[in-house]
Amino acid sequence: MSHTAEIIAVGTELLLGNIANTNAQDISQALSGLGINVYYHTVVGDNPQRLRDCLETARKRADIIITTGGLGPTYDDLTKQTICAVFGRPLELHPDVVEEIRAFYESALHVPMPENNARQGELPVGCVMFDNPVGTAPGCAFEEGGVHILMLPGPPNEMRTMLRRCAVPYLRGLSRETIVSHDIMVFGMGESSVDALLREEMCRMKNPTLATYAKPGEVRLRATAKAESPERAEEMLSPVLARVQALLGDVVYGIDVADLAQVCLGLLKERGMTFATAESCTGGRVAERITALPGASAVYRGGVVSYWSEVKADVLGVPREILERCGAVSEECARAMAEGARRVTGADIGVSVTGVAGPDTDERGTPVGRVYIGLATPTGTFCRRTDHGSRRRDRIQNVSANHAFDVIRRYLTGLPIE
């Protein structure tokens, strides 16, 4: 049987934007792995009537309702009371739970338990209790009228712990299907172009399915299959992955990888090679992204952020004749910067970025969005020119950093660079 879930996050602070609703994301990911469909996320404030309305709507369109928040001891923590009123399930006090909460306060917090915390020991009659080893609010689950209701705490660390330890095992017993997804990562082709190439196939597909998601400067294609076992789902997905890779070609840079920086890190390690950076308009974004990854010290030697022409000349050794004749934003300068980074650091590969991130053109009138990526290697120096148009400054910088990693990827895998 296929199940449909709705996630209801309770908390006025979510509506005010004071905190992000990460709980819904975590729960949805867990449900996906269990083969449970999630069609709705709802957020409601600490208001019993509005929560009641949300529950009445949810029970008509989902057979699993998962709530987060509103299980605390304060006057506005009314999730349990409201749910029990809607589903006709009375609350009963569990003295043993109250004593566990009291012990948590005394051993973990070293203070006496406030008496209003005793109400956290009230649970729906006949429910399955979910233990909370990192907080005071227990969760629970019960079934009423063909609908399973699960109540989880709001603090993310408590919610994640209870989700993993209690809610997932409970839900696993309800579903005999599993959902498996793989992300096909694409750089070098826009979302509209990818969609145009694959639209007919995507429209025809029912199970597995294929959907596009735009990321800044790249595209993610998610292939998803639902089956009775993970092994069967993988069998269903295998020809889909092969077909998409055959259609898109070398703009696919990986399956289930985080980003281009991670791919380059792996390739450089495999080949025992190092690289260095010389950045102008990106201001160190390439260096920042590679050094954020564990193990970067094995492949990244260092870099120079050379905004001024004097730094390009004095530190990287860019010939002043190139700077005067061609300008800092030019193919000649990008090549010289990459060669300088390689020479100064002793790295196997030097990559450079120089361009106009905006909002104004440079002194030579070079348009905003024009960026040159240089790559100096043991077999020669290459350059890629990109034109991003008048996008936001940060978008130009981030996409340019992606291009820097892409030229490294292409060189290391024997693909055309320019």
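The values are calculated or read from the model by the stated rules, or taken from the named source; none is laboratory data. Remember, it's a predicted structure, so these values are computed and weren't measured experimentally. Here Cβ is always computed from backbone atoms with ideal geometry, including for glycine, and neighbour counts include all displayed protein chains. The area values use the complete protein model at the heavy-atom level, side chains included, leaving out ligands, DNA and RNA. Shrake-Rupley method; radii C 1.70, N 1.55, O 1.52, S 1.80 Å.
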Original post:
Can you give the accessible area per residue of the chain, in Å², using a 1.4 Å probe?
Top reply: 45
Original post:
How big is the Cα convex hull of the chain in projection, averaged over all directions, in nm²?
Top reply: 25.4
**OP:** Using only the alpha carbons, work out the radius of gyration and Dmax of the range 199-345 in angstrom.
**Re:** 21.1, 68
**OP:** Treat the range 332-384 as a sphere of radius equal to its Kirkwood radius over Cα pairs and apply Stokes-Einstein at 37 °C in a medium of 0.692 mPa s; give the translational diffusion coefficient in µm²/s, rounded to a whole number.
**Re:** 286
**OP:** Rank-order 276-288, 297-309 by packing density, defined as the average count of other C-beta atoms within 10 Å over each peptide's residues, highest first.
**Re:** 276-288, 297-309
Subject >> Cα centroid separation - the range 151-199 against the range 378-418, whole Å >> reply: 31
Original post:
With Cβ to Cβ distances under 12 Å as the rule, what net charge do the other residues near ASP406 carry (K, R +1; D, E -1)?
Top reply: -1
Original post:
Of the accessible area of the chain, with the probe set at 1.4 angstrom, what percent is carbon plus sulfur?
Top reply: 50
Original post:
Can you list the residues, at least 5 places off or on another chain, whose amide H is less than 5 Å from the amide H of ASP46, using H built in the peptide plane?
Top reply: GLY11, THR12
Original post:
How big is Rg to Rh over the range 373-418, alpha-carbon atoms, Rh as the Kirkwood inverse-mean-distance radius?
Top reply: 1.03
Original post:
Of LYS60/LYS80; LYS80/LYS215; LYS226/LYS269; LYS206/LYS269, which sit over 30 Å apart, Cα to Cα?
Top reply: LYS80/LYS215; LYS226/LYS269; LYS206/LYS269
Subject >> Relative packing of 11-24, 57-70, 77-90, 326-339, which averages over residues the other C-beta atoms within 10 Å, highest first >> reply: 326-339, 57-70, 77-90, 11-24
Original post:
Applying the Karplus parametrisation 6.51 cos²θ - 1.76 cosθ + 1.60 with θ = phi - 60° to the phi angles of the range 272-285, what ³J(HN,Hα) value in whole Hz is obtained for each residue in order, glycine and proline being reported as x?
Top reply: x, 10, 10, 9, 9, 10, 9, 10, 10, 5, 7, x, x, 5
Original post:
Given the range 212-253, what whole percent of its Cα pairs are spread farther than 14 Å?
Top reply: 55
Original post:
What Cys residues in the chain have no fellow cysteine's beta-carbon under 4.7 angstrom?
Top reply: CYS54, CYS84, CYS166, CYS203, CYS264, CYS281, CYS326, CYS333, CYS383
Original post:
So for the pair ARG393, ASP256, with labels modelled 7 Å out along Cα→Cβ, what separation do we get in nm?
Top reply: 4.0
**OP:** Could you state, as a whole-number percent, how many of the C-alpha pairs of the range 100-246 are farther apart than 27 Å?
**Re:** 50
Original post:
Given the Cα atoms of the range 10-66, and with Rh set as the inverse mean 1/r over their pairs in the Kirkwood sense, what is Rg to Rh to two decimals?
Top reply: 0.99
**OP:** Calculate, axis by axis, the spread of Cα positions in the range 224-284 along the three principal axes, and write the results as whole Å, longest axis first.
**Re:** 51, 24, 19
Subject >> Largest to smallest principal axis extent of the C-alpha atoms in the range 1-139, angstrom >> reply: 43, 33, 31
